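Data block below; observations after.
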Amino acid sequence: MLLLLLIALSLWAALFLPPVIYYAWMLKKKKKGLCIQPDANYQPTVSMIVCTYNEAKVIERKLENIQELDYPENKLQIILVDSASTDGTLERVKVFLARTNFRFPIVLISEKERLGKSHALNVGLKQVNGEIIATSDADSFWDQDALLKAVSYFADPSVGAVTGKEKILNVEKNVHTMGEGFYRTFFYTLRSGESCIHSTIFFQGELALYRRNAFKEFEDRPGYSDDHGTVINLVSNGYRCIFVPEAVFHDTAPFSLGGRLMLKSRRSEHLISGVFLTLKLKIKRKLPLPWQVIFFNLYFHVISPFLLIAVILMTGIVYAIDFRTLWFFGFLLIPLLIKKPRVIGVSYLTSNLALIMGLYPILTRKRSGAWRKVEEMR
Ligand code: GDP
Ligand code: MN
């Protein structure tokens, strides 16, 4: 019994110590700073590609948001690539452009067939004339100064890509949106620390900018995403890819368990593929990131979900054998009576469940291409 108890306790330690260690390490790195000086006066030409698939509900709001961006008219080009939307997205765009005096030059592209977001981005890439390529989603809205803040880092020639910080519009709605808010806060400290060391591969396509001459095309292999997939290529070519918290965008988080799992399991698939790719490149000595960063991200995205299952099973077994161990583990449930730990607990459990769901298509090689939209986010 004592042995079982010891195993259970070591499993608990294996589950909680690595995140604490990595978080503390990244926090320390973050405090040291980026060692990249942004130049507030740096204003390169930018081409922003917005891909749409059935975004009639939000596209006008998105265009209004772009109009309000603080950037010179002659330095920002917009490219909208629609892939055979059936809800009249393009018609709405045309009506909007006809009645407004849109500040920036805009190119509309209509694909006949839907072949996924990365494919659409690559179609858009053929039309760009900017030194910097920005990507954004139809359902994400940038702060007025987000673009200026983000491009200011490209003044440093070692920077290949920049991503920004998400603020969740409906964060107060319920336990799931609050949980996502918590996840982001934790996650962004890690991303800041990694950016200080060299680069983070965890990019968000909702606000991502890339140096045009640092890459050929967006990653479009099934299972990879346009953001992490592309960024890993840039990092392996020696460019720094950094998270910049001053560049803020806003979007909506799913508020139902189903919506959350659908979104997070798809993103998990992309994350895990990315983490495996970093491992492969590191073994081939093609990635200028330290081993510890690769290991901890492998831990978070692949090892930890299974460890969590082992912990739950082992605790159950110990508990079933000797009821008195309730004293040992019962205290862990007490914090769940308080709101904040409950939010963190639910976020932790659902994130890990989504990671296991995301691993499934990778193991069975049924990788996803074009994805289903989470309707409640519009
Ligand atoms: P999420 O934020 O990860 O849930 O991803 P979204 O469902 O919001 O998709 C990101 C962006 O890509 C949105 O603007 C979508 O309309 C767009 N998108 C998704 N799939 C396709 C596609 O096959 N073609 C095009 N052109 N856009 C797409
Ligand atoms: Mn989105």
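The values are calculated or read from the model by the stated rules, or taken from the named source; none is laboratory data. Note that the structure is predicted; figures quoted are calculated from it, not measured. Neighbour counts are summed over all protein chains in view; Cβ atoms, including those assigned to glycine, are modelled from backbone coordinates with ideal geometry. These area figures cover heavy atoms from the full protein model, side chains too; ligands, DNA and RNA do not enter into them. Shrake-Rupley method; radii C 1.70, N 1.55, O 1.52, S 1.80 Å.
For the chain, build the convex hull from the C-alpha positions and give me its volume per residue in Å³. In the chain, the Cα convex hull volume per residue is 143 Å³. The order of Met262, Met314 by accessible area, most exposed first and with a 1.4 Å probe, is Met262, Met314. Computed from the C-beta positions of Glu246 and Leu97, the FRET efficiency with R₀ = 30 Å rounds to 0.50.
If only the Cβ of Lys and Arg carry +1 and only the Cβ of Asp and Glu carry -1, the dipole of region 35-258 around its Cα centre is close to 240 debye.
Taking all protein chains into account, the per residue accessible area for the chain stands at 46 Å² (1.4 Å probe). For chymotrypsin sites (Phe, Trp or Tyr not before Pro), the sites in region 311-378 that DSSP calls loop and that have at most 16 other Cβ atoms within 10 Å are Trp371. Annotation: aspartates and glutamates with alpha-carbon distance below 12 angstrom to Lys30 (same-chain offsets under eight excluded): Glu194. The convex hull defined by the C-alpha atoms of region 35-258 has an orientation-averaged projected area of 12.2 nm². Qualifying GluC sites (Glu not before Pro) in region 74-142, where qualification requires a DSSP coil assignment and no more than 15 other C-beta atoms within 10 Å, comprise Glu113, Glu131.
Modelled this way, with points 7 Å down the Cα-to-C-beta line, the labels at Ala84 and Lys373 are 1.6 nm from one another. Rolling a 1.4 Å probe across all protein chains gives His250 an accessible area of roughly 50 Å².
Taking the Cα centre of the chain as reference, the dipole from Cβ charges on Lys and Arg (+1) and Asp and Glu (-1) amounts to some 1040 debye.
Summing charges over neighbours of Val302, with a neighbour being any other residue whose Cβ is under 14 Å away from its Cβ, gives 0 when K and R count +1 and D and E count -1. Setting aside same-chain residues fewer than 8 positions from Lys57, which lysines have a Cα under 30 Å from its Cα? Reachable lysines: Lys75, Lys94, Lys112, Lys117, Lys126, Lys149, Lys165, Lys167, Lys173, Lys264, Lys373.
Among the DSSP helices (H) of the chain, those spanning at least 30 angstrom by Cα along their long axis with an average Kyte-Doolittle hydropathy of 1.0 or more are 2-32; this is a geometric and hydropathy rule only.
Mark the label point 7 Å from the Cα of Tyr299 along Cα→Cβ and return the residues of region 20-58 whose backbone N is within less than 15 Å of it. Counting backbone N atoms under 15 Å from the label point, the list is 20-28.
Element breakdown for region 35-258 at a 1.4 angstrom probe: carbon and sulfur atoms account for 50% of the accessible area.
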